[in-house]
1. The conditions are (1) within 26 Å of residue 156 (Cβ to Cβ); (2) without any contact (Cβ under 8 Å) to a residue 40 or more places away in the chain; (3) of a type outside the set (Ser, Thr, Tyr), and residue 77 fails exactly one of them. Which is it?
2. Can you tell me how many residues within region 251-308 are in a helix (DSSP H, G or I), surrounded by fewer than 16 Cβ atoms within 10 Å (Cβ to Cβ), in contact with a helix residue (DSSP H, G or I) (Cβ under 8 Å, 6 or more places away or on another chain) and modelled with pLDDT of 75 or more?
3. Could you tell me which of the residues 182, 156, 162, 186 is surrounded by fewer than 11 Cβ atoms within 10 Å (Cβ to Cβ), polar (S, T, N, Q) and part of a helix (DSSP H, G or I)?
4. Could you figure out which of (1) surrounded by fewer than 22 Cβ atoms within 10 Å (Cβ to Cβ); (2) at pLDDT 90 or above isn't true of residue 92?
5. Only one of these conditions is not met by residue 248: (1) hydrophobic (A, V, I, L, M, F, W, C); (2) crowded, with 24+ Cβ neighbours inside 10 Å; (3) closer than 19 Å to residue 28 by Cβ. Which number is it?
6. Would you confirm whether or not region 126-134 contains a residue that is under 28 Å from residue 27 (Cβ atoms), out of contact with any helix residue (DSSP H, G or I) (no Cβ under 7 Å at 6 or more places or on another chain), among the hydroxyl-bearing types (Ser, Thr, Tyr) and surrounded by fewer than 16 Cβ atoms within 10 Å (Cβ to Cβ)?
7. Would you pick out the residues in region 207-226 that are of a type in the set (A, V, I, L, M, F, W, C) and buried (at least 22 other Cβ atoms within 10 Å of the Cβ)?
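The values are calculated or read from the model by the stated rules, or taken from the named source; none is laboratory data. Note that the coordinates shown come from a computational prediction; the quantities given were computed from them, not determined experimentally. Backbone-built Cβ (ideal geometry, glycine too); neighbour counts: all protein chains shown.
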Amino acid sequence: MDHTLIVQLLISGILLGGIYALGSIGLTLIFGVMKVVNFAHGEFFMLGMYLTYWLFHYFQIDPYLSTLILVPAVFLIGLVTYYVFIRPTIGSSVLAQIFITVGLSTIIQNTVLLFWSADFRSISLSYATDAMVFGPFPALGVDEVMVNPSRLIAFSLAICLSAAFYLFLRFSYTGKIIRATSQDRSAALLMGINIDKIYKLTFAMGIVLTGLAGGLILPIYSVHPFVGFDLVLIMFVVVVLGGMGSVVGAVISGLIIGVVEVFSSYWLGQENKQVIYFLVFIAVLVLRPSGLFGLKEEEEVERIEAIE
């Protein structure tokens, strides 16, 4: 394979992976704090895409500027979803949570299908039609590399948002409370932390990150009522690969899966690309169940439980 083509595919994969990472952070955050596996997560990705599409279609708002409108809108959707669907399942069995989120996924899919049909919708940006050319890069042995402007802008915003959220969790007072609740819910209760408030905030923030990722990816992908199903599969692969609950793991794994998807699409075709990253998914589950960046303590607990 031509060296320039390899570098081109690698860059395209990294740019796509940054968007996957942002959406996956929301999923891993919800699981890490609330221990809820949200099978409806892809549908919120899809709703973010639809909201961005309608803002562009009716009001001519640039999709990257519409993120300012997406944040409060999707945050409100997250709050309503938490109170109506998620809150009643807190403390219930994992099976009950799976059923409620799968049911929620079906409700959202069919509601969107009812109102907006199954048509594929996409947008075209006037400033993103011509590829940007960078180079030469003597160190890589490449004369020039072409980059899609939409992918570059979306990647830059996604990485900036991911970094900002990581810093928020790491250094802000609210972020420390969220991490404390994730580490030990009982101890957090004893310290006077309002667990319900933290769960509500965590779920809404996770949905916001996912909705923003949907808005950023719209200029690249078409949106339809069932696009969330494909995207949630990718996000689960990213989260499991990175380690459930790990924000840094989600970012790095998102970049890896983006690269894997682009290369497999080139070699095997668009319709067979999922084969490769699902093989990666299975391999990680078999060889390292806690993920590439999972905590060793979690692995130790799993081994002890298996022995017992």
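1. In the conditions (1) within 26 Å of residue 156 (Cβ to Cβ); (2) without any contact (Cβ under 8 Å) to a residue 40 or more places away in the chain; (3) of a type outside the set (Ser, Thr, Tyr), residue 77 misses (2) alone.
2. Qualifying residue count for the region: 4.
3. 186 is the lone residue from the list that is surrounded by fewer than 11 Cβ atoms within 10 Å (Cβ to Cβ), polar (S, T, N, Q) and part of a helix (DSSP H, G or I).
4. Condition (2) is where residue 92 drops out.
5. Failing condition for residue 248: (2).
6. The answer is no, given that none of the residues of region 126-134 is under 28 Å from residue 27 (Cβ atoms), out of contact with any helix residue (DSSP H, G or I) (no Cβ under 7 Å at 6 or more places or on another chain), among the hydroxyl-bearing types (Ser, Thr, Tyr) and surrounded by fewer than 16 Cβ atoms within 10 Å (Cβ to Cβ).
7. 207, 208, 209, 212, 213, 216, 217, 218, 223
Results for (1) touching a His at 6+ places or on another chain (Cβ under 9 Å); (2) touching a residue at least 40 places away in the same chain (Cβ under 8 Å); (3) within 19 Å of residue 100 (Cβ to Cβ), shown as yes or no for each residue.
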residue: 3; (1), (2), (3): no, yes, no
residue: 10; (1), (2), (3): no, yes, no
residue: 13; (1), (2), (3): no, yes, no
residue: 26; (1), (2), (3): yes, yes, yes
residue: 30; (1), (2), (3): yes, yes, yes
residue: 39; (1), (2), (3): no, yes, yes
